[in-house]
1. Taking the chain as a Gaussian network, where each spring joins two C-alpha atoms under 10 Å apart, which residue of Phe13, Phe83, Phe33 fluctuates the most?
2. Aspartates and glutamates within cross-link reach of Lys5: Cα-Cα under 14 Å, excluding same-chain residues under 8 positions apart?
3. Show the residues, 5+ positions off or on another chain, whose built amide H is closer than 5 Å to the amide H of Arg6.
4. Let's see if you can work this out: charge +1 on each Lys and Arg Cβ, -1 on each Asp and Glu Cβ, no other charges. What is the dipole magnitude of the chain about its Cα centre, in debye to the nearest 20?
5. Past the 21 angstrom mark, what percentage of all C-alpha to C-alpha distances in the chain do you count?
6. So which lysines pass the test for Lys74, namely a Cα distance under 23 Å, with those fewer than 8 places away in the same chain ruled out?
7. For the chain, list the DSSP H helices whose alpha carbon atoms reach 18 Å or more along the long axis and whose average Kyte-Doolittle value is -0.5 or above?
Amino acid sequence: MIPFKRINGISRFFDIKIFQPGDPQIDSEYGHFSEKRGTIGLSPEQKGGQLIDTLEHELGHLIIEEMGIAHLVKDEEKFVNAFARGRVALKRLNPDLERWMLDELERERDAGD
Ligand SMILES: [Zn+2]
């Protein structure tokens, strides 16, 4: 399971909640994003690629809200599903690129200190 209880969601923090299957507040069996409650919900059984795909999906919702582009997206579920699958595929196919991007951002941050 994810080792984070909260993430920095650009303009504010979001709590990571593990929900129980059948929770009436959750309309998905995998994950949930609530801008209003400031939460990302994840079902407890997920791991590996499924967990990362769900997390990327919920982060897609977060980005759409945080960047104020909801009005540009006609079918948000379809968009975040495709975006999440693409992000997971690129991570799998290019792990060195993902690590390099993080390293490059850290080098820039460290140079600015
Ligand atoms: Zn969704």
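No value in this document is a laboratory result; all are computed from the given coordinates. Note that this is a predicted model, so its numbers are computed, not measured. Note: ideal-geometry Cβ built from the backbone for every residue, glycine included; neighbour counts use all protein chains shown.
1. Per the Cα network of the chain with a 10 Å cutoff, Phe13 tops the list.
2. Cα-Cα hits under 14 Å: Asp15.
3. It is Ile16, by chain and number.
4. Result for the chain is approximately 160 debye, rounded to the nearest 20.
5. Cα-Cα pairs in the chain separated by more than 21 Å: 45 percent.
6. Hits, sequence-local ones excluded: Lys36.
7. Answer set is 48-66, 76-93.
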